[in-house]
Amino acid sequence: MYKLEINGGKPLKGKVQISGAKNAALPLMAACLCTDKEINLSNVPKLSDIATMNDLLSYLGAEISQSGNGFKFSTKNIKEVRAPYDIVKKMRASVIVLGGLLARNGYAEISLPGGCAIGLRPINLHLMALEKMGAEIDLDSGYVKASAKNGLKGAVIDFPIVSVGATENTLIAAATAKGTTIIKNAAREPEIVDLANLLNAMGAKISGIGESEITIEGVSSLNGCTYSVMPDRIEAGTYAVAGPITGGETEIEGINPSLLESTLQTLEKMGVKVTRKQNGFTTAFDGKILPASVQTEVYPGFPTDMQAQITALMCVGAGTSFMQENIFENRFMHIPELIRMGANINISGHTLEIKGVSQFKAAEVMATDLRASSSLILAGLNAAGKTSIHRLYHLDRGYENLEEKLQACGADVARIKE
Ligand code: EPZ
């Protein structure tokens with residue numbers, strides 16, 4: 001086990017190169033199940049979630065070779081149709097192999113992913129969509145057993161709520177279904193656009209990409225292709241806070257700022273100076289952090305994956321701020337730890353009332369989930385003295401070369417073996 005030790009309290013200044021997006025790479029990798037041709041993915045981030053997805057695809061029979069951030073997938077020998085509990089429980093995003101496995105084999109079994117720190121995370125919408133496309137779904141001793149002996153067929157799928165994962169599973173399953181599928185109330189996240197672009201590069205016929213209504217004309221088979229994973233807008237948003245929360249500035253490179261416009265506009269509302277460029281942006285502290293009232297929403301609204309990070313910034317802002325979490329039912333695991341670092345936060349239901357304090361206090365804290373952990377890092381960078389963050393594996397799921405990127409901005413941070 002490792003911990004991160006941060007000696008904070010000084011302004012950061014430096015450049016951060018953004019890595020490939022975890023939440024794009026995972027569905028792109030799952031889409032490789034839809035063809036028996038070779039898929040080459042580049043700009044894949046080195047993260048433990050990516051390693052878990054590689055383990056799962058290898059277990060199913062995929063041949064995977066890696067060189068640097070490039071992966072070659074060949075899935076002509078998929079022999080296993082069951083995604084086992086011990087892999088799925090490590091990463092609930094494993095559920096997005098269901099659509100591809102079912103489309104390819106006509107049968108798939110996957111362990112129910114179970115909840116996680118931030119909520120129950122059911123998959124009923126994934127299953128509803130596949131049933132509409134002709135799959136028979138049984139739940140048996142903790143596993144979903146899905147069969148479509150005559151193959152999947154196009155259908156109109158009208159999601160009652162927006163779901164990123166369910167939209168992804170449906171896109172993957174519909175690409176080679178017989179007939180046309182229309183997804184209504186589809187998720188519009190950039191990672192969905194990346195997945196649809198990959199599928200079209202493989203020969204799929206998807207239109208309405210990035211809209212809330214997507215049409216997929218099923219094709220008989222998909223080809224191989226070479227594709228580069230989009231940059232990570234949540235990693236970029238996290239480092240965008242690191243400069244202003246320390247009274248410094250960070251220059252983010254390798255991402256179009258339009259991918260995180262709602263985050264940048266929130267930072268501007270809070271008094272941060274944001275300078276946008278073609279393939280990057282800079283955020284700088286500009287005298288003080290102003291109070292704000294923010295709600296998490298589906299894309300293009302303010303992302304739930306940035307809630308913990310902006311909450312940390314609000315903690316050391318002026319006045320009283322409000323943060324409302326509307327996507328997940330339990331995404332405030334970072335709050336008790338931020339309070340231990342001196343924050344003044346009151347939780348009422350899904351809303352935080354945050355009274356700004358002058359500075360966080362260094363402390364020993366515990367990471368609980370990926371994004372909660374990033375808010376503790378930001379608090380530790382702000383606090384004078386040594387903050388230790390335990391259970392670093394939560395962070396390694398979603399932030400590539402974390403300490404190196406912070407050190408490049410002048411942070412005094414080290415990974416210590418416990
Ligand atoms: C994806 O999770 C992301 N994960 C999450 O990022 C992100 O927070 C989330 O989308 C929302 O943007 C990946 O892409 C791997 P949802 P996903 O289905 O697909 C409910 C991170 O930190 N729901 O859009 O699981 C669900 O409970 C992670 O990188 C159902 O009720 O999210 C939630 O309340 C955390 N039934 C809401 O919908 C379903 O069948 C949104 O979930 C599916 C979802």
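Worth pointing out:
- Look at where the Cα atoms of segment 307-353 and of segment 358-410 average out, and the two centres are 16 Å apart.
- When only the Cβ of Lys, Arg, Asp and Glu is charged (+1, +1, -1, -1), the dipole of segment 84-157 relative to its Cα centre reaches about 220 debye.
- Taking 0.36 nm per residue of separation and subtracting the current Cα-Cα distance, fully stretching the chain between Q359 and E211 would add 49.1 nm.
- Going from the residue with the fewest nearby Cβ atoms within 10 Å to the one with the most, L352, L102 rank L352, L102.
- Kyte-Doolittle at least 1.6, axis length at least 30 Å by Cα - qualifying DSSP helices, the chain: none
- Cα gyration tensor of the chain - equivalent ellipsoid semi-axes, whole Å, descending: 38, 21, 20
- Take the Cβ atoms of D55 and K417, set R0 to 22 Å, and the FRET efficiency comes out at 0.40.
- Taking the charge dipole of the chain about its Cα centre, with +1 at Lys and Arg Cβ atoms and -1 at Asp and Glu Cβ atoms, the residue from V162, P11, H350 reaching farthest to the positive side is P11.
- Using a Förster distance of 45 Å, the FRET efficiency for E136-A384 (Cβ separation, nearest 0.05): 0.15
- Distant-in-sequence amide H partners of E38 (H built 1.01 Å from N, under 5 Å): G224
- If the segment from E261 to K79 were pulled out straight at 0.36 nm per residue, it would be longer than the present Cα-Cα gap by 61.2 nm.
- The simple Förster model, with R0 at 22 Å and r as the Cβ-Cβ distance, assigns E5 and E253 a FRET efficiency of 0.25.
- Cross-link reach list, aspartates and glutamates versus K132, counting only Cα pairs under 13 Å and skipping chain neighbours closer than eight places: D158
- Three-way shape call for segment 67-191 based on the alpha-carbon gyration tensor, with the a/c threshold at 1.5: rounded
- Along its principal axes, segment 14-138 has C-alpha extents of 51, 36, 25 angstrom, given from the largest down.
- Too-long pairs where the Cα-Cα distance tops 23 Å, listed order kept, from K13/K277; K90/K153; K89/K417; K15/K273; K89/K205; K22/K205: K90/K153; K89/K417; K89/K205; K22/K205
- Cα pair distances of segment 163-286 binned at 10 Å [whole percent]: 13, 35, 24, 19, 8, 1
- Label-zone membership for segment 1-32, site R276, 7 angstrom Cα→C-beta point, backbone N under 15 Å: none
- Candidate aspartates and glutamates - alpha carbon under 12 Å from K46, same-chain residues fewer than 8 apart omitted: D396, E400
- Here segment 320-418 yields Rg over Rh of 0.97, to two decimals, using C-alpha coordinates and the Kirkwood radius.
- The chain - charge dipole about Cα centre, Lys and Arg +1 at Cβ, Asp and Glu -1, debye rounded to 20: 300
- Part-to-part distance (alpha-carbon centres) for segment 123-155 and segment 1-72, which is given in Å: 28
- By the count of neighbouring beta-carbon atoms within 10 Å, fewest first, T238, T296 end up ordered T296, T238.
- Reachable lysines from K355, criterion Cα separation under 20 angstrom, eight or more residues apart if same chain: K269, K288
- The chain: most fluctuating residue of N326, N197, N124 per GNM, C-alpha cutoff 10 Å: N124
- Tensor-based shape of segment 240-393 (alpha-carbon gyration tensor, a/c under 1.5 rounded, otherwise prolate or oblate): rounded
Every number here is computed from the coordinates shown, using simple stated rules; none is lab data. Because the structure is predicted, anything quoted here is derived from the model rather than measured. Because the Cβ atoms are built from the backbone with ideal geometry, glycine has one as well, and the counts that use them run over all protein chains shown.
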